[in-house]
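The values are calculated or read from the model by the stated rules, or taken from the named source; none is laboratory data. This is a predicted model, so every value here is computed, not measured. All Cβ positions, glycine included, derive from the backbone under ideal geometry; neighbour counts span all protein chains shown.
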Amino acid sequence: MYCSSCNCEYEGWSGKCPSCKQPLVDGRPVEQFPSNGQIDYSSLVEMIEKNGTSIDIDLGASQVIRKKSFRFPWLGFGYAWTQRFNGKADGVHVDLNASEVGKDRNWAFPYRGHGYAWGQEMQGFISGNQCCLIASEVKRSSNYRFPYSGYGFAWTEEMQGKCGDHIQLLMTASSISKK
């Protein structure tokens, strides 16, 4: 399902967008960024050096996945994570997909369970140049609702990685939405 207001895809969701409450629709636009946004690697390195050795690009979630698992008798775990991030700034386009998802769960007596999921590894492209990021800091929290339900939230606070031999990447979370 797709939210045309947030430009975000929610796999396993139905009804309304968890962020903006607009109705979700089937399908998504064919391409979010123009295909001519490729920059060769040496030009990208040059661009970063001219910009004071860094470029800040705001990324937004464009695909969120939610999965559930159940255990007898009343213990169930729900998992949700951001599958895809997109963003652009100064002519540089970024598209990242979760290639590895970390999951954890815990339960407490009598019937409370919490499921946690986060992007452990992201792979993608920066203006056509392949990159990889790995989680270096993961946070989580949980809350309980009487009598037997609770919710667990996990997110990647920081990821580090590389794009080629000369570009070091750092991605930090600036805002987290818990729904």
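Quick test for you: out of GLY164, GLY119, pick the one residue that is modelled with pLDDT under 95, touching a strand residue (DSSP E or B) at 6+ places or on another chain (Cβ under 8 Å) and at positive phi.
Working: GLY119 fails: at positive phi.
Going through GLY164, GLY119 in turn, the sole match is GLY164.
Hey, can you tell me all the residues within the range 21-51 that are of a type in the set (A, V, I, L, M, F, W, C), modelled with pLDDT of 75 or more and surrounded by 12 or more Cβ atoms within 10 Å (Cβ to Cβ)? If you could, list the steps in order and put the result at the bottom.
Taking the range 21-51 and keeping what is of a type in the set (A, V, I, L, M, F, W, C), we get 24-25, 30, 33, 39, 44-45, 47-48.
Applying the additional criterion that residues be modelled with pLDDT of 75 or more yields 24-25, 39, 44-45, 47-48.
Those that are of a type in the set (A, V, I, L, M, F, W, C), modelled with pLDDT of 75 or more and surrounded by 12 or more Cβ atoms within 10 Å (Cβ to Cβ): LEU24, ILE39, LEU44, VAL45, MET47, ILE48.
Which pairs have Cβ atoms under 9 Å, sit 6 or more apart or on different chains, and link a residue in the range 151-179 that is surrounded by 12 or more Cβ atoms within 10 Å (Cβ to Cβ) to one that is part of a loop (DSSP other than H, G, I, E, B) and of a type in the set (Val, Ile, Thr)?
PHE153/ILE176; TRP155/ILE176; GLU157/ILE176
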